[in-house]
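K.L.:
Have a look at this one.
The values are calculated or read from the model by the stated rules, or taken from the named source; none is laboratory data. Values in this document were obtained by computation on a predicted structure and should not be read as measured data. Here the Cβ positions follow ideal geometry from the backbone for every residue, glycine too, while neighbour counts run over all protein chains shown. Just the protein is used for accessible areas: all its heavy atoms, side chains included, with ligands, DNA and RNA removed. Shrake-Rupley method; radii C 1.70, N 1.55, O 1.52, S 1.80 Å.
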Amino acid sequence: RALVVSGQNNHNWPVSHVALQEILDRSGLFHTDVALTPAAGEDMNLFRPSFSDYDAVIMDYNGDNWPEPTRNAFLEYVKGGGGLVIYHAADNAFTDWEEFNRMIALGGWGGRDEKAGPYCFLEDGEITLDYTPGPGGNHGLQREYNMHCRNNMHPITKGLPDNWLHGRDELYDSMRGPANIGTLLYSAKSDAATGGSGREEPLVFTVDYGDARIFHIMIGHAGDSLEENPAMQCAGFQTLLLRGTEWAATGNVTQEVPSDFPTPDSVSLRENYGK
Ligand code: ZN
């Protein structure tokens with residue numbers, strides 16, 4: 001059982017949460033519910049999802065703070081060994097919530113700066129931390145880019161190509177945080193010529209947070225509509241989302257590598273979000 005949490009975002013959450021639910025449900029692996037918060041500025045006190053009823057919680061939320069009982073229930077779920085998926089701009093959320101920042105390992109925007117933790121990128125293939133002061137969170141122009149596998153022994157990546165071309169998407173760079181990455185799974189090269197950092201940026205990883213299984217996937221910017229949504233229609237994004245969510249829910253991955261997985265040279269889009 002999976003729960004998608006959405007309802008406020010600086011992104012097109014009416015598209016993203018439906019796409020996430022479609023991808024998860026059409027895989028046949030999950031039964032997915034959606035919990036939508038009230039709109040920004042409205043009373044949040046009745047927002048009390050039963051996180052503990054689920055095997056995996058997928059965060060598609062970037063908005064107002066939650067009331068304390070909801071934050072505590074979420075903490076209890078995650079600390080109790082819960083499965084958590086941090087999707088795209090969910091890592092922009094809750095800048096001042098210290099435990100949440102440890103659940104995401106890296107975040108951006110929302111006023112994040114050196115107080116959030118170091119910048120984190122790859123240099124000669126190694127994770128490098130940079131404590132230079134400055135804002136956290138940036139991306140250049142949307143484009144297609146190659147994803148580079150950093151650990152092909154993890155259940156989420158096992159059998160997937162080391163290099164594949166992702167559908168047109170943002171590429172987050174200059175993210176900051178406690179940087180408690182568990183296993184780095186994929187990175188990609190941010191393009192300085194189109195507004196990026198010029199660095200190899202960590203984009204898909206697990207987070208080291210007690211007994212919890214946390215999968216953080218920074219890719220998958222929601223498009224204008226379900227039909228015009230190349231980052232989420234990408235078979236590579238969908239495969240990683242499904243594998244990461246299954247791993248978060250159970251600790252294992254039972255899925256075969258799909259035959260339409262992208263190659264290093266060609267993007268593969270699923271316009272119908274799965275089967
Ligand atoms: Zn975005």
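K.L.:
Which residue out of 221, 216 is open to solvent by 10 Å² or more (accessible area, probe 1.4 Å) and either assigned to a loop (DSSP other than H, G, I, E, B) or within 16 Å of the ligand (Cβ to nearest atom) (or both)?
P.N.:
221
K.L.:
Would you please name the residue that is nearest to residue 248 (Cα to Cα), looking only at residues in region 31-44 that are open to solvent by 20 Å² or more (accessible area, probe 1.4 Å) and touching a Ser or Thr at 6+ places or on another chain (Cβ under 7 Å)?
P.N.:
Per the criteria, the residue is 34.
K.L.:
Within region 96-103, identify whether any single residue is more than 16 Å from the ligand (Cβ to nearest atom), in contact with a strand residue (DSSP E or B) (Cβ under 8 Å, 6 or more places away or on another chain), touching a residue at least 40 places away in the same chain (Cβ under 8 Å) and polar (S, T, N, Q), and answer yes or no.
P.N.:
yes
K.L.:
Considering only residues that are hydrophobic (A, V, I, L, M, F, W, C), within 17 Å of the chain's Cα centre (by Cα) and away from the ligand (no atom under 16 Å from the Cβ), which ones fall in region 59-84?
P.N.:
Step one: filter region 59-84 for residues hydrophobic (A, V, I, L, M, F, W, C), giving 59, 66, 73-75, 78, 84.
Right, trim to within 17 Å of the chain's Cα centre (by Cα) and you get 59, 78, 84.
Of everything in region 59-84, those that are hydrophobic (A, V, I, L, M, F, W, C), within 17 Å of the chain's Cα centre (by Cα) and away from the ligand (no atom under 16 Å from the Cβ) turn out to be 78, 84.
K.L.:
Let me ask something else. Please work out which residue is most open to solvent (accessible area, probe 1.4 Å), limiting yourself to region 59-77 and to residues that are in a helix (DSSP H, G or I) and of a type in the set (Asp, Glu).
P.N.:
So, considering only residues that are in a helix (DSSP H, G or I) and of a type in the set (Asp, Glu), the one most open to solvent (accessible area, probe 1.4 Å) is 76.
K.L.:
Among the residues of region 169-179, what is the count of those that are touching a helix residue (DSSP H, G or I) at 6+ places or on another chain (Cβ under 6 Å), more than 12 Å from the ligand (Cβ to nearest atom) and part of a strand (DSSP E or B)?
P.N.:
1
K.L.:
Same structure, new question: Just the residues that are over 26 Å from residue 213 (Cβ atoms), open to solvent by 40 Å² or more (accessible area, probe 1.4 Å) and either of a type in the set (A, V, I, L, M, F, W, C) or within 16 Å of the ligand (Cβ to nearest atom) (or both), please, taken from region 115-164.
P.N.:
Correct list: 138, 139, 141, 142, 143, 144.
K.L.:
Something else: When you look at residue 206, is it under 19 Å from the mean Cα position of the chain (by Cα) and free of Cβ contacts under 8 Å to residues at least 60 places away in the same chain, yes or no?
P.N.:
Yes, satisfied.
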